[in-house]
Amino acid sequence: MTHSTDTQFFDLHVTGVGYVNRIRLVTPKRGNPFWACDISALNGPADDVEYRRFDCRVSGQVAEKLVKKFAATVTDRKEKGLAEPKILIGFKLGDLYPDMFTRTRGDRAGETAVSLKARLLFVNWAKVDGEKVYEAPRREETDTARLPAQDDSNTHQGAAASPQPPMTGSVGAAEAVA
């Protein structure tokens, strides 16, 4: 019996547009420091926008560089006595989960609440006070990333099946299409 060393994952990603707030460097008692921020994601019709708040650990390398730059911009503006900048990004989050906590301050102290936690994986673009400051390079689609349209055994009406490149990753072609 052979054992496979490939680990299979099912990714759940959240993509959207939102404002970056509360940028901070978190230094836990155990473990390595990491960058975190809140994202107030825009939701609903443009003329009646609602916000969904995500408390994010910054995980992507490029996202971390951008968040550090945003933190420096916020600090610089505060030192000059200026208003905090409005930082709007196109984002991709992963590993979303709810976190229950008890409020400790304010009129609602003692109430139980839920925080949506996630990892900030990718920033598509960024605007600071309406001015575009970053745009991710476009990813070129490669043949190896495409899924086959149909399996050779399911070839329709005697048409020749086009040759397909081998699948990469841990999920086989039949599993990926199903």
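Throughout, read-outs are computed from the coordinates displayed, never taken from laboratory work. Predicted model only: the values in this text are computed from it and were never measured. Cβ: placed from backbone, ideal geometry, glycine included. Neighbour counts: every protein chain shown.
Using amide H atoms built 1.01 Å from N in the peptide plane, name the residues 5+ places from Tyr134, or on other chains, whose amide H lies under 5 Å from its own. For Tyr134, whose amide H was placed from the backbone, the distant partners under 5 Å are Ala126. Measuring between alpha carbons in the structure, the pairs from Lys65/Lys132; Lys69/Lys132; Lys92/Lys132; Lys29/Lys80; Lys29/Lys69; Lys78/Lys117 lying more than 23 angstrom apart are Lys29/Lys80; Lys29/Lys69; Lys78/Lys117.
Whole-Hz Karplus values for the range 66-72 come out as 5, 5, 4, 5, 4, 4, 5 Hz, taken residue by residue from phi with 6.51 cos²θ - 1.76 cosθ + 1.60 and θ = phi - 60°; glycine and proline positions read x.
May I have the convex hull volume per residue, in Å³, for the Cα set of the range 85-134? Could you put the intermediate results ahead of the total?
Values: hull volume 4.7 nm³, N = 50.
About 94 Å³ per residue, rounded to a whole number.
Here the Karplus curve 6.51 cos²θ - 1.76 cosθ + 1.60, taken at θ = phi - 60°, turns the phi angles of the range 17-29 into couplings of 10, x, 8, 8, 9, 6, 6, 7, 9, 9, 10, x, 4 Hz, with x standing for Gly and Pro.
Between Asp47 and Ala136, the FRET efficiency estimated from the beta carbon spacing at R0 = 45 angstrom works out to 0.95. Our coupling estimate for the range 52-62, obtained by passing each phi through the Karplus curve with A = 6.51, B = -1.76, C = 1.60 and θ = phi - 60°, is 10, 8, 10, 8, 10, 8, 7, 10, x, 4, 5 Hz, Gly and Pro reported as x.
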